[in-house]
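Report on one structure; see the data block that follows.
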Amino acid sequence: MKQLEKNSLLIIAGLVLFTIMFGIGGVPLLDPDEPVYAETAREMIQFNDFLSPRIFGNYWYDKPPMYYWLVAFSQMLFGYTEFAARFPAALMACGTAIMIYVSTTKMFNEKAGFWSALILTSCIQFFYMGKAAVTDTTLLFFMTGAILSFAHKKYWLMYACMALATVTKGPIGIVFPGAIIFLYLLVVGQLREILRMHVVRGLLLYFFIASPWYYAMYTVHGMDFINTFLGFHNVTRFTTPEHANRVTFWYYFPVVILGMFPWTGMLVQAVKASISESRIDDMRQLLLYHVWWAFVFLFFTVCQTKLVSYILPMFPPMAVIIGWNVSRMITKMRHTTTFYGWMFGSGLMFVLLGAGWIVGSQYLPEASFSLIMLGILTLIIGAGAVFTLWYYRDIEMACWLHTLVGVVTMCVAFAFVLPVIADRFSVKTMSGIYLEECDQNTPIYVDKFLRPGFMYYAGKAGVEMIPKTGALPEALRNGQHKYILVRGLEYRRVLKTKQIPTNVETVKEIADIYLLEQK
């Protein structure tokens, strides 16, 4: 039966709204990425210029404007708050989960759609990124919409989604869905389907939606925009590492393992079953999801710049593959060995992550009690899931317990852990101290990593200091009265070289962020 169930839709909508919206206003914007988007949107409003993104009062061409527009509109409604900065991304995450339910139900069955949506909603990577004020979840929404529109032969909608993805994050908005769709048609031997996809008229629709902003930016800013946006932020980031220490072929393996938790233990079994135990029709449809996640994983493995958020587009297809397998097991489960595989995989993950929270608590003493409790809860609920499988063979109850682990992880993290360790990752508190205790007319030099957050919370850009260069010693050499905001790692690096003058005093040190004064 491929009809949507009203009760299922309500459960999914309620759970995804709770999981994604919970706590999005209770944690400061985390440096350096979240404040960049919030501040750029704020400056759009300040300068009444919604065409050209700016930060620190200067034009910059890092990303297209879609997320800035959404945040600016949110800020007009809710003010300059953490909630306003994160609300658009959270809505996009909720929309993606509901889209997965609707699409998977129509493609396979209602149970597959229901569990696919719950699996996606409760995995760590998805709910964490869904709460972050960055572009990735907005891109995910439109990219997922484009690929699923293709799957359901809604080709005009596919081109529109590609265009909106391009206005969100650039050429990747059409390159990724286009490559995935082409590779899928190639694998299944259906390249002739391209002739039925209205390619010429579809591309006209794509350019009609996607090109106006790019054309307007080129008209106003010329080749400076083209060279910086396309040259540096797209080509150079693919070919040249932004973080050299991350250039390893295995970088994304632990990201997937942790990011897919609490469902990681089912992933290998689900992939295997989708290939070896699916019907012909299901296998053909599941191949789209395999091409989807594999392309994203391989592309960013080859890409020289690596960030945890880049592989977020892998998670919807992996959730669907696991959800399809759960549905299959609920309706046709007879093989004891499959239970053992699931029990071993999930049991191992529960033990590793539960123990990981407990061991990790010693490195975050402010949140040690909460992390220990989270570890204990993970072990207890995980043991319940494994016991339910072993003793009762109750697949649905085991899946609900997996979901519960994900929701509990989210609640503890955003209610008890992140709020008390936020000063390690956000300059908000230090910005407040600066505004209260420091002379605003005195120059301030700011670590590049902390500068967007300082601008957003203190309203001052300061003079940028690039870490691991001579920027901090050079700032200290001129001897004028100034303040310096720097991370402890950089401060200690320069301190070892004995380049810190005696007239430099610490105004405040919070969670290894230093506010210094040179008198």
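The values are calculated or read from the model by the stated rules, or taken from the named source; none is laboratory data. This structure is a prediction, so every number in the text was calculated from the model and none was measured. In this analysis, Cβ positions are derived from the backbone assuming ideal geometry, glycine residues included, and neighbour counts consider all displayed protein chains. Each accessible area value is taken on the protein alone, full model and side chains, heavy atoms only, with ligands, DNA and RNA left out. Shrake-Rupley method; radii C 1.70, N 1.55, O 1.52, S 1.80 Å.
Based on C-alpha pairs under 8 angstrom that are at least 6 apart in sequence, region 1-92 has a relative contact order of 30 percent. Over the chain, what is the percentage of antiparallel beta bridges among all DSSP beta bridges, to the nearest 5? For the chain, the DSSP antiparallel bridge percentage is about 70. Would you mind counting up the charge near GLY459? Only other residues with Cβ under 12 Å from its Cβ, with Lys and Arg at +1 and Asp and Glu at -1. Neighbourhood net charge equals 0.
Beyond 26 Å in Cα-Cα separation lie the following of the pairs LYS468/LYS508; LYS482/LYS508; LYS169/LYS468: LYS169/LYS468.
The alpha-carbon of LYS519 sits under 17 angstrom from the alpha-carbons of these aspartates and glutamates, leaving out residues fewer than 8 places away in its chain: GLU437, ASP439, GLU474, GLU505.
Length available on full extension from LEU157 to LYS498: 0.36 nm per residue minus the Cα-Cα distance, which gives 116.6 nm. Counting only alpha carbon atoms, the long axis of helix 368-387 and the longest principal axis of the chain meet at about 10°. Listed here are the pairs LYS154/LYS306; LYS272/LYS332; LYS428/LYS448; which of them are more than 21 Å apart at the Cα? The pairs that break the limit, which is 21 Å between Cα atoms, are LYS154/LYS306.
Roughly how many Å is it from the Cα centre of region 153-178 to that of region 324-393, as a whole number? With region 153-178 and region 324-393 each reduced to a Cα centre, they are spaced 37 Å. When you restrict to C-alpha pairs under 8 Å that are six or more residues apart and normalise by the size of region 78-118, the relative contact order lands at 29 percent. Once you sort the root eigenvalues of the Cα gyration tensor of region 464-519 as a ≥ b ≥ c, which label holds: rounded (a/c under 1.5), prolate (a/b larger than b/c) or oblate (the other case)? It is rounded, given that a/c, with a ≥ b ≥ c, falls under 1.5.
Our note on the geometry: Cα centres of region 30-54 and region 494-514, 31 Å apart. Please give every one of the aspartates and glutamates within straight-line cross-link reach of LYS153, meaning a C-alpha to C-alpha distance under 18 Å, and leave out same-chain neighbours fewer than 8 residues apart. Counting by Cα, and skipping residues close in sequence, LYS153 has these aspartates and glutamates nearby: GLU193, ASP281, ASP282.
Within straight-line reach of LYS6, meaning a Cα separation under 19 Å, sit the following lysines at least 8 residues removed in sequence or on another chain: LYS106, LYS111.
Put the Cα centre of region 244-320 next to the Cα centre of region 67-128 and the gap is 19 Å.
Relative to the longest principal axis of the Cα atoms of the chain, helix 280-302 runs at roughly 20 degrees. Hey, what angle do you get for helix 66-78 against the long axis of the chain, alpha-carbon based, 0 to 90 degrees rounded to 10? The angle comes out near 70 degrees. Using a cutoff of 8 angstrom between alpha carbon atoms and counting only pairs six or more residues apart, the relative contact order for region 243-326 works out to 45 percent. The coefficient of translational diffusion for the chain, derived via Stokes-Einstein from the alpha carbon Kirkwood radius under 10 °C and 1.306 mPa s, stands at 64 µm²/s. Rounded to the nearest 500, what is the 222 nm mean residue ellipticity of the chain from helices alone, with -39500 (n - 2.57) per DSSP H run of 4+ residues and division by all residues? After summing the helix terms and dividing by residue count, I get -20500 deg cm²/dmol.
Taking a Cβ cut-off of under 14 Å around VAL507, the surrounding Lys, Arg, Asp and Glu residues balance to a net charge of -3, with basic ones at +1 and acidic ones at -1. Loop-located trypsin sites (Lys or Arg not before Pro) in region 317-419 (DSSP state other than H, G, I, E, B) with a sparse environment of at most 15 neighbouring Cβ atoms within 10 Å: ARG334, ARG393. Taking Cα centre as origin and charging only the Cβ of basic (Lys, Arg, +1) and acidic (Asp, Glu, -1) residues, the dipole magnitude of the chain rounds to 1300 debye.
Taking all protein chains as present, what is the carbon and sulfur share of the accessible area of the chain, in % to the nearest whole number, probe 1.4 Å? Roughly 66 percent, rounded to a whole number.
Once the 1.4 Å probe is applied to the protein heavy atoms, the chain comes out at 43 Å² accessible per residue.
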